[in-house]
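Notes follow the structure.
The values are calculated or read from the model by the stated rules, or taken from the named source; none is laboratory data. As the structure is a prediction and not an experimental result, all values here were calculated from the model. Backbone-built Cβ (ideal geometry, glycine too); neighbour counts: all protein chains shown. Keep in mind that these areas ignore ligands, DNA and RNA; they rest on the heavy atoms of the full protein, side chains included. Shrake-Rupley method; radii C 1.70, N 1.55, O 1.52, S 1.80 Å.
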Amino acid sequence: MVVLNNDINVDVRVLNELRILKKAGAILGIICTGRERELESELADVPIWRVDQSNPVYKFKFISATTNSLFRKLWKGIILGVAEGFQPDIIHTHDLYMGFPVGDACEALGIPFIIDLHENYPVAFRGYSWTKKLPHRLFVNSDYWSLKRSTILERAAGIVVLDAQYGRNLKVQYPEISHVPLSDYPNVPNLTEFKTTVQAKAHFGFKIFYFGMVSPVRNLHVVSRAVGQLRAKGADVELLVAGSVTNHDRAYFQKEVMGEGVRHIPWINLPDLGKTIAEVDVCICPIEKNAQHESGVANKVFQYMYFGKPLLVSNCAPQEELVRSTGCGISYEAENVEQLVSKIAWMMENRAEIVAMGEQGKVAVNRTYNADVQGEKLVRLYQKIFEVQETNSKNIGETKQVELL
């Protein structure tokens, strides 16, 4: 059973994991939030239990999860209620903060659970805009998840991370989880996720594309300044931003990002992403270099590669290593506007080289960085956990026999 405090229909990584597990023979059930709607045909027969997160009481319990146990108790009750009928053998939950309620429920059920870390949650949590604003901050303990992370991970039967090096670092930081099996499953695409790749279209100027959420830590203000400097020198360069802006970050976006040479599209649906990417020259992931962004490579980066576009990425270790090892792009120091100006200028002057980079990225996705290949590690993690469970059950049985003798 999969437990997710999010709408399953919009979480691409989780959907890909579900496809992998179903293909491996798992009988799936999902508890999640979001509005009632069916999954795609491949997963249409999977039962879903929806939790209403729209009411103020639920929102308060979530906001105050670091200062009281209301959210933890709520979700434990939900899981136990569903488990009466579904009777899961294991629960796969997503994000650190769900570890406590799921761990509590699994302890009551006598079954193991896997915790899937989509990010470095303690760091991400401290950076969320809503945690700093009134009245929310009155109910927030910013250090809570840093203090509780090892306790949660130690209870798990298995851990999934975005990046193998991040997983190794976790085990060094917390020796108490050295015995817990760990697997990496990156934000890679399902090769059937998009209808088709799209041929590049001829256009004037040099277009840089960003796809995803907008916030200060995404460093779009750095890119905007670089574009402004290049345009001041006469370069025909444009930044196209496709992504939603929350109310918390709207003032930042209007003041620091929007300007001459910057165009905004509120959102692009994934099936239509290729049409837009076909009209640009380079795709960028300029995220701030911090502990949160060292936990893995974003969905957007692999999607850019899928469509054969060269990458321009900030020097967060996982994405810098990806472009280095595959030859699919170049990196720059995250906050260094002058260096970014230089890198963009180089790409503008070396069109043949960057087209080749894009092709190398496409090859890398088709060979390695896709759900089919990476999903094998996820299946092996499940196999390992069940082997451990079987061995433990056998040992308990033998111990009981000895006691009876």
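Residues that are at pLDDT below 90 and aromatic (F, W, Y) were ranked within the range 171-208; the one that is least open to solvent (accessible area, probe 1.4 Å) is F194.
Would you say A105 is crowded, with 17+ Cβ neighbours inside 10 Å, among the small types (G, A, S) and without any contact (Cβ under 8 Å) to a residue 40 or more places away in the chain?
Working: crowded, with 17+ Cβ neighbours inside 10 Å: yes; among the small types (G, A, S): yes; without any contact (Cβ under 8 Å) to a residue 40 or more places away in the chain: yes.
So A105 fits the description; yes.
Close contacts from the range 249-273, counting a first residue that is over 23 Å from G205 (Cα atoms) and a second that is open to solvent by 60 Å² or more (accessible area, probe 1.4 Å) and not small (G, A, S), with Cβ to Cβ under 7 Å and a gap of 6+ residues or different chains, come to P271/K195. Scanning the range 286-317 for residues that are aromatic (F, W, Y) and open to solvent by 10 Å² or more (accessible area, probe 1.4 Å), we see that the one that is farthest from the chain's Cα centre (by Cα) is F307. Quick check: anything in the range 15-29 part of a loop (DSSP other than H, G, I, E, B) and of a type in the set (D, E)? Scanning the range 15-29 turns up no residue that is part of a loop (DSSP other than H, G, I, E, B) and of a type in the set (D, E).
Taking the criterion of being in a loop (DSSP other than H, G, I, E, B) and either in contact with a strand residue (DSSP E or B) (Cβ under 7 Å, 6 or more places away or on another chain) or surrounded by fewer than 17 Cβ atoms within 10 Å (Cβ to Cβ) (or both), the residues of the range 76-94 that qualify are Q87, D89, I90. Taken over the range 274-285, the residue count meeting the criterion of being open to solvent by 50 Å² or more (accessible area, probe 1.4 Å) and assigned to a helix (DSSP H, G or I) is 1.
Annotation: of all residues in the range 250-273 being closer than 15 Å to V12 by Cβ and surrounded by 15 or more Cβ atoms within 10 Å (Cβ to Cβ), the one that is modelled with the highest pLDDT is L273.
Of all residues in the range 36-75, those satisfying the criterion of being open to solvent by 70 Å² or more (accessible area, probe 1.4 Å), of a type outside the set (V, I, T) and under 16 Å from F100 (Cβ atoms) are L70, R72, K73. With respect to E320, is the statement that it is among the charged types (D, E, K, R), open to solvent by less than 80 Å² (accessible area, probe 1.4 Å) and touching a strand residue (DSSP E or B) at 6+ places or on another chain (Cβ under 8 Å) true? When the stated conditions are applied, E320 passes them. Take the residues in the range 1-35 that are of a type in the set (S, T, N, Q) and over 19 Å from V102 (Cβ atoms); name whichever of them is modelled with the highest pLDDT. Ranking the qualifying residues of the range 1-35, first place goes to N16.
Here W130 clears all of (1) of a type in the set (F, W, Y); (2) open to solvent by less than 30 Å² (accessible area, probe 1.4 Å); (3) touching a helix residue (DSSP H, G or I) at 6+ places or on another chain (Cβ under 6 Å) except the condition numbered (2). When the range 227-248 is filtered for residues that are touching a Phe, Trp or Tyr at 6+ places or on another chain (Cβ under 6 Å), free of Cβ contacts under 8 Å to residues at least 40 places away in the same chain and within 20 Å of L340 (Cβ to Cβ), the ones remaining, listed by number, are V241, A242. All conditions but one from (1) at pLDDT 95 or above; (2) out of contact with any helix residue (DSSP H, G or I) (no Cβ under 6 Å at 6 or more places or on another chain); (3) acidic (D, E) apply to E333; the one that does not is (2). All conditions but one from (1) open to solvent by less than 30 Å² (accessible area, probe 1.4 Å); (2) closer than 28 Å to V297 by Cβ apply to V10; the one that does not is (1).
For the range 138-147, which positions are assigned to a helix (DSSP H, G or I), surrounded by fewer than 17 Cβ atoms within 10 Å (Cβ to Cβ) and of a type outside the set (S, T, Y)? Before you say what the answer is, go through the steps one by one.
Quick first cut of the range 138-147, residues assigned to a helix (DSSP H, G or I) only: 138-139, 144-147.
From the residues that got through so far, the ones that are surrounded by fewer than 17 Cβ atoms within 10 Å (Cβ to Cβ) too are 138-139, 144, 146-147.
Result: L138, F139, L147.
Looking only at residues in the range 126-137 that are in contact (Cβ under 8 Å) with a residue 40 or more places away in the chain and in a helix (DSSP H, G or I), which one is farthest from the chain's Cα centre (by Cα)? This residue is H136.
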